[in-house]
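Worksheet: one structure, shown below.
We did not get these values from a lab; they are worked out from the coordinates using the rules stated. Only a predicted model underlies this, so the values are computations on that prediction, with no experimental measurement involved. Glycine also receives a Cβ, built like all others from the backbone with ideal geometry; neighbour counts cover every protein chain displayed.
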Amino acid sequence: MNPQFSWNLVTDVQWLWSVPSVLNAYRAGVVVAVLAGVVGWFMVLRRQTFAGHSIAVTGFPGAAAAVYTGLSATLGYFGFCIGAALVIAYYTRGSGSGDTAGERAHSSALIAVVQAFALALGALFLQLYGGFLNSTSDFLFGNFLGITSADVVVLVAVAAVVLVVMAVIGRRLLFVSIDPAVAAARGVPVRAVNALFLVLLGATVAEVSQFTGALLVFALLVMPAATAQVFTARPALGLAIGVVIGVLSTWIGLAWAFFGNQGTGFTITTLAFGCYVLALAIRAVRTRLRTPAAASGALEGVS
């Protein structure tokens, strides 16, 4: 019997949290959304979404390889995603600030190579398995409802480590992200900060990918952060808005998936996308309202 939405929010929430797997999904969703909101905000600011997507793609062969060898899929996600981040960090370490066209082209080409090779490895492990993995769709599109209490503990531990490191390097990372040349002149170790952020991004992507899947990781890693940056350029406020949007999208998306019998990857992505479209519409309305006011003010000044 499929659960039915009753419009009695108290009863619906009690029904939701009476299912252990759903309760674990909500706990994990908060952790993942907070971590993705923070790291994703910096990723969007640094224009490294392509790198984040490529690292996420490596989570697919990592999970497939882990299942093939009888290991935990979580181990495969983290091993391959962090490994890909280290490879990208190592081979782009000489790029400096990455501001020139040649440096950007070199980095993009390297990231594309890593992504293509990761997909090829995923196909290989699926073939070696000898059949179609029942969990392949979960690897690609996510499954929040398969979270266990042990998974929640791992997610909390990883998120705590990443957030602590982000807090320590936050000011320098923001400086490097905005003006790497000036940061280097001021003595900030730009290359070390860039490499460390890629490793933190790899850990974050591995965590988020377990629930949104390798192909929908941007639902929580990019959309809330991009929406926040549409609203404001202030770092603290932008981080807060991104985290709130991510948490709300996750919680409402889980309820929608549970009562509507939909995939969580679809519901969470749809809600996050809706928030981004709404933010763009609000900004467009504000711009139109400000333009006549600015024009009238200019005319009054002339007269």
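How do 113-120, 167-174, 72-79, 281-288 rank on mean C-beta neighbours within 10 Å, highest first?
Working: 113-120: 16.4, 167-174: 14.8, 72-79: 20.8, 281-288: 10.4.
The peptides rank, most packed first, as 72-79, 113-120, 167-174, 281-288.
Between Leu128 and Ser72, what is the FRET efficiency for a Förster distance of 22 Å, r being their Cβ-Cβ separation, to the nearest 0.05? Could the numbers behind the result be given before it?
On the way: r = 18 Å, r/R0 = 0.82.
According to the calculation, E is roughly 0.75.
State the extension gain, in nm to one decimal, for the chain segment bounded by Val168 and Leu280, taking 0.36 nm per residue of separation less the distance between their alpha-carbons. Walk me through the intermediate numbers first.
Values: separation 112, 0.36 × 112 = 40.32 nm, distance 3.26 nm.
Value of the extension gain: 37.1 nm.
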Here the relative contact order (percent) of the range 189-266, from C-alpha pairs under 8 Å and at least 6 apart, is 24
Whole-Å distance linking the alpha carbon centroid of the range 224-258 with that of the range 45-73 is 23
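Which length gain, in nm to one decimal place, applies between Ile252 and Ala181 when the Cα-Cα distance is subtracted from 0.36 nm times their residue separation?
Gain on extension, Ile252 to Ala181, equals 21.3 nm.
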Those trypsin sites (Lys or Arg not before Pro) from the range 6-66 that are DSSP loop and have at most 13 other Cβ neighbours within 10 Å turn out to be Arg47
Once both label points are put 7 Å beyond Cα along the C-beta direction, the Val156-Arg47 separation in nm becomes 4.0
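I'd like the Kirkwood hydrodynamic radius of the range 196-246, using the inverse of the mean 1/r over distinct C-alpha pairs, in Å. Before the final figure, lay out the partial values.
Details: mean 1/r = 0.0876 Å⁻¹.
Averaging 1/r across every pair of different Cα atoms and inverting gives 11.4 Å.
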Here the gain from full extension of Leu119 to Thr287, 0.36 nm per residue of separation minus their alpha-carbon distance, amounts to 56.2 nm
